[in-house]
Structures are given as structure tokens and as C-alpha cells.
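One structure is given here, and the rest of the page talks about it.
The values are calculated or read from the model by the stated rules, or taken from the named source; none is laboratory data. Bear in mind the structure is a predicted one, so any value in this text is a computation, not a measurement. Every residue, glycine among them, receives a Cβ derived from its backbone with ideal geometry; neighbour counts consider all protein chains shown. Each accessible area value is taken on the protein alone, full model and side chains, heavy atoms only, with ligands, DNA and RNA left out. Shrake-Rupley method; radii C 1.70, N 1.55, O 1.52, S 1.80 Å.
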Amino acid sequence: MSQKITGVKGMNDILPGDVEVWQHVERTTRELFSLFGYGEVRTPMVEDTALFVRSVGETTDIVGKEMYTFEDKGGRSLSLRPEGTAPAARAYIEHSVANQEPVTRWFYMGPMFRYERMKTGRYRQFHQIGAEGYGSKEPAQDVEMMDMVVQLLLKLGLTDVSLNINSLGDDACRPAYQTRLVEHLRAHASELCSDCQVRLEKNPLRVLDCKNERCQQIASAAPNILESLCEPCRAHFAEVQRKLDALEIKYVVNPRIMRGLDYYTRTTFEFIAAHPVLGTASTVGGGGRYDKLVKSLGGPDVPAVGFGLGLDRLCLLLKESGQQFGRATDLFIAVADEGSADAGFTLTSRLRREGFRVEFDTRGGSLKSQMKRADKVGAVFTLVLGEAERQSGQAQLKRMAGGDPTPVRLDELAQTLRTALKAH
Ligand code: HAM
């Protein structure tokens with residue numbers, strides 16, 4: 001026997017049965033985001049490595065440890081995208097979108113790749129729903145983003161998710177915070193993990209999202225960033241809160257939302273679900289403002305804000321909710337004898353053309369085995385076609401759940417079935 005080849009660790013197959021949940025989330029997202037006026041953008045799965053180094057940041061875990069980086073045959077260093085903000089910004093700049101419209105609002109869905117230690121809700125290929133808005137520096141734009149997520153969660157019936165917000169300040173006030181932070185961290189320098197010793201020198205803010213237990217303890221006693229905000233950043237954050245209140249969106253101000261990526265300025269936020277199915281992977285989404293990123297990637301000076309939601313995590317939560325997704329089989333057509341196989345096959349095709357979901361067992365087999373199959377696929381109705389039915393042009397439409405069968409003329413089957421399904 002040949003040796004079995006298995007899928008790559010941390011990269012999942014999504015099979016029928018589960019995929020309906022994914023399709024439901026994707027469909028709901030598309031419908032909702034279009035109400036907000038967001039257009040879909042599709043960027044490649046692979047980008048120049050430098051794009052992520054310069055945006056997400058060299059000292060972040062994502063770039064430093066988790067990226068799938070390789071050389072192509074032309075000797076270029078490429079990386080599988082670990083997130084969607086940098087590729088979207090790259091496309092926004094490359095297509096000079098800022099010259100065409102003052103405000104641009106995009107969304108995307110698709111796989112991202114991070115070489116993480118995997119567990120439930122944390123994978124190496126995972127999927128994000130993301131949105132990015134360019135061109136407005138106003139707090140209302142931040143709140144529009146959060147509102148969009150809130151409405152999506154609500155539409156999906158995921159009510160037990162809390163919104164945490166914070167502000168990371170900007171170039172005017174963050175350096176002062178960084179000085180206070182470094183002072184605090186230096187006092188514990190020898191207790192920090194080896195990565196954080198480097199971060200302390202290169203990018204002290206990143207110490208605050210280290211997963212090491214001792215580093216987390218030290219981080220939890222760090223100075224509060226909100227106490228260091230300059231007046232414009234403080235006013236921006238206050239206005240974000242006022243607008244969230246106006247939309248009756250509940251939130252918690254949490255100065256520990258640091259986000260683990262370097263490009264953020266001012267508002268950051270995370271959506272956290274307290275459901276045991278997610279374990280420690282409880283953050284279903286996060287985002288924030290990044291007013292300097294587009295310019296730093298060689299584009300115009302355009303402010304921006306966005307978010308990313310973990311689609312895998314949303315689907316885990318949704319599966320737990322016990323809701324049913326996907327369309328039921330309307331009718332199963334069984335044949336009583338081999339001579340009726342062609343008629344059954346043709347009738348099946350005709351009804352599918354009329355928009356019904358119809359199942360037919362192409363293997364034929366005994367009536368008993370076909371009925372078992374009808375039960376397995378969860379058909380609402382069955383119809384048996386045999387010599388007598390073909391001769392008379394009449395058959396019986398039978399509800400699988402029981403009850404008297406309805407006599408039906410085969411040339412009126414579509415109409416009768418439509419009526420019967422409505423009544424079902
Ligand atoms: P992020 O927080 O790195 O942000 O990822 C967003 C979401 O993706 C997380 O909250 C989580 O639900 C999901 N996620 C991340 N890593 C994994 C993983 N290994 N397995 C499963 N799910 C995962 C960003 O990526 C930013 N680009 C968000 C953003 C957009 N900020 C501004 N615009």
C-alpha cells in the first residue's frame with residue numbers, strides 16, 4: 001500500500017457539513033458590508049517580504065517568528081500574507097486610489113498564514129474577514145468600523161462578545177509614554193524573556209504583548225498609556241466613546257489592548273468572546289487606526305482605520321450556537337425498477353432546472369437502499385417512479401416525516417412540489 005500523505009499541520013480542510021456555516025458567515029458579511037458601502041478587494045496571497053517587515057514591524061512575533069517566507073526562482077524574498085492590512089494598503093497605493101476618491105472603503109475575506117503554535121482557534125492557515133477605510137481621520141470613521149462588526153455579530157446571533165477599546169496615542173505623545181514604559185521595564189530587565197530583552201531596546205511596546213508568563217506579569221504593572229495621551233489624542237478618544245454611546249454600542253475601555261502590530265496610532269479595539277470553545281483564542285477580531293502606514297509605504301499622507309475578524313473562530317462559535325445552516329433536500333426521486341432509471345434521472349434534472357434541490361441515486365439499487373439514502377440526505381419529500389407511474393403519468397408525493405401521500409401528475413410535479421414545500 002502507498003504511504004498516506006496528510007495535510008499540512010495547522011491547515012484545515014473545511015468539508016461539506018461545516019462549509020455551510022462558513023458560507024452563511026460570508027454571505028451575511030457581504031450583504032451587511034454592502035449596506036455600509038464597502039467594496040470587496042482581492043489581493044494576492046503572496047507579497048514582497050519587505051511589505052510586512054515595514055508595516056507590521058520587524059520586532060513583532062508575526063514578522064519575527066511566524067511568517068512563511070521563501071525565495072522564489074528569481075531570488076526574490078516573498079512571504080505568504082500573515083494579515084490583510086499591508087497588502088490592501090500596497091494595492092491602494094499602487095493603483096493611486098487616493099487620486100480617484102477622497103474616501104475609500106474596502107473589505108476582504110481570505111486565508112492568512114502564520115506559523116503559530118496551534119490549538120483550537122489558532123491555526124497556521126486561518127481566515128480573516130477584514131475591512132479598511134482610507135481618507136478620514138475622524139472618530140466617526142473608527143466608530144463606523146466598530147459598528148459594522150457589532151452589526152455583523154448581531155446578525156450572526158453572536159451576542160456574548162465584548163468590545164474593548166484603547167488609544168495608543170500618536171507621534172506627539174507616544175515617545176513620552178515609551179520613556180515611562182522603558183523605565184518600568186528596565187527595573188525588571190533581567191526577568192524578561194530573551195526576546196523581550198531585545199524588544200526593550202528596539203521596540204518596548206511589543207514587550208506588552210509577549211505571551212511569556214513572567215513578561216505578562218511585568219507588563220500588567222506597566223504605566224497606563226491613556227494617562228500619557230496628548231490633548232488631540234485624548235479628544236479623539238473621547239469622541240470615539242461619545243459616538244459609541246450615541247449608537248448604544250457597549251464597550252469597555254481597556255488600556256491593555258496593544259494589538260501586537262506596529263502600525264497603529266490612536267484608537268485600537270478588540271472583540272473578545274467568553275466562550276469555552278475558543279479557550280485562550282478568545283479574540284474574535286481586532287483593529288484600529290493607522291494614520292501613518294500609507295505614507296510610510298511610499299503612498300500619500302492618508303489616514304486609515306480597519307479591522308480583521310477571525311473567520312475560523314466565528315465559525316467555531318456559530319457551530320456551538322446550534323443554529324442550522326444550508327438548504328434541505330426538497331425531494332428524493334427513487335426508482336422501483338431498472339427500466340425507470342432514465343425517467344428518474346431526466347425528471348431529477350428537469351426539477352433542478354426549475355430551482356428545486358433534488359437528489360437521485362445514480363447507482364440505482366434496491367428501493368430500500370434508495371429510501372435509506374433519502375433519509376440520510378434529509379429529504380423533505382420522496383417520490384417513487386416505477387413502470388406503473390410512467391404508464392399513468394401519476395405518482396405519490398410522500399412526506400418523509402409521515403402523513404398521507406399526495407397524488408401528483410408528473411407533468412405538474414413542479415407546481416405541486418412548490419405548493420407542498422410552502423405548506424411544509
Ligand atoms: P490580528 O489581531 O493580528 O489583526 O488578527 C485579526 C484576527 O484574526 C484575530 O483577532 C483572530 O480572531 C484572527 N487570527 C489571528 N491569528 C490567527 C490564527 N493563527 N488562527 C486563527 N485566527 C487568527 C490583524 O491581522 C490586522 N490586520 C487587523 C486590522 C485590519 N487592523 C487594521 N485593519
Which angle between 0 and 90 degrees, to the nearest 10, do you get for helix 19-35 versus the longest principal axis of the chain when only C-alpha atoms count?
60
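Mean separation of Cα pairs under 8 Å and 6+ residues apart, divided by the residue count of the chain: what relative contact order is that in percent? Could the numbers behind the result be given before it?
Details: 699 pairs, mean separation 65.3, N = 424.
Reported relative contact order: 15 percent.
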I need the calculated FRET efficiency for the pair Ala246 and Asp13, taking r as the beta carbon distance and R₀ as 41 Å, to the nearest 0.05.
0.40
Extended-chain gain in nm, criterion 0.36 nm per residue less alpha-carbon gap, Gln178 and Glu201:
7.2 nm
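Show me 188-201, 148-161 ranked by packing, highest mean number of other Cβ atoms within 10 Å first. List each step's numbers first, then the result.
Details: 188-201: 15.6, 148-161: 17.4.
Answer by packing, highest mean first, reads 148-161, 188-201.
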Would you mind giving the average projected area, over all directions, of the Cα convex hull of the stretch 65-190 in nm² with one decimal?
12.9
Given labels modelled 7 Å from the Cα in the Cβ direction, how far is it in nm from Asp48 to Cys193?
3.2
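R0 = 35 Å: FRET efficiency of Thr280 with Val103, Cβ-based, nearest 0.05?
On the way: r = 37 Å, r/R0 = 1.06.
Given R0 = 35 Å and the Cβ-Cβ separation, E is 0.40.
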Calculate the spin-label point distance for Asp337 paired with Arg234, positioning each point 7 Å from the Cα along the beta-carbon direction, and give it in nanometres.
9.1
Arg256 and Leu367 label points (each 7 Å along its Cα→Cβ direction) are spaced in nm at 6.7
Could you rank His127, His95 by how accessible they are, 1.4 Å probe, largest area first?
His95, His127
Could you give the angle, 0 to 90 degrees to the nearest 10, between helix 139-155's Cα long axis and the longest principal axis of the Cα atoms of the chain?
30
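Hey, what's the stretch 129-244 come to in accessible area per residue, 1.4 Å probe, Å²? Show your work: numbers first, answer last.
Working: 5010 Å² over 116 residues.
With the other protein chains kept in place, the stretch 129-244 gives 43 Å² per residue.
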Roughly to the nearest percent, how much of the accessible area of the stretch 331-418 is carbon and sulfur, given a 1.4 Å probe?
46
Using only Cα atoms, what Kirkwood radius does the chain have, in angstroms?
25.0
Integer Hz, Karplus 6.51/-1.76/1.60 couplings in order for the stretch 283-288, x for Gly and Pro
7, 8, x, x, x, x
Answer in debye to the nearest 20: the dipole magnitude of the chain about its Cα centre, from +1 Lys/Arg and -1 Asp/Glu charges placed on Cβ, is 640
Relative to the chain, whose Cα atoms define the longest principal axis, helix 311-320 and its Cα axis are tilted in degrees, nearest 10, by 50
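Rolling a 1.4 angstrom probe over the protein heavy atoms, how many square angstrom per residue are accessible across the stretch 259-393? Don't skip to the end; give the middle numbers.
Numbers: 6050 Å² over 135 residues.
Per residue, the stretch 259-393 has 45 Å² of solvent-accessible surface.
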Rounded, prolate or oblate, given the Cα gyration tensor of the stretch 331-418, with a/c below 1.5 counting as rounded?
rounded
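Okay, helix-only estimate at 222 nm for the chain: each DSSP H run of n ≥ 4 adds -39500 (n - 2.57), divide by all residues, round to 500 deg cm²/dmol; what do you get? List each step's numbers first, then the result.
Values: 16 runs with 160 residues, N = 424.
The helix-only estimate for the chain comes to -11000 deg cm²/dmol at 222 nm.
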Taking 0.36 nm per residue of separation between Gln415 and Glu26 and subtracting their Cα-Cα distance, the length gained on full extension comes to 136.8 nm
Carbon-plus-sulfur fraction of the accessible area of the stretch 1-120, 1.4 Å probe, in percent?
51
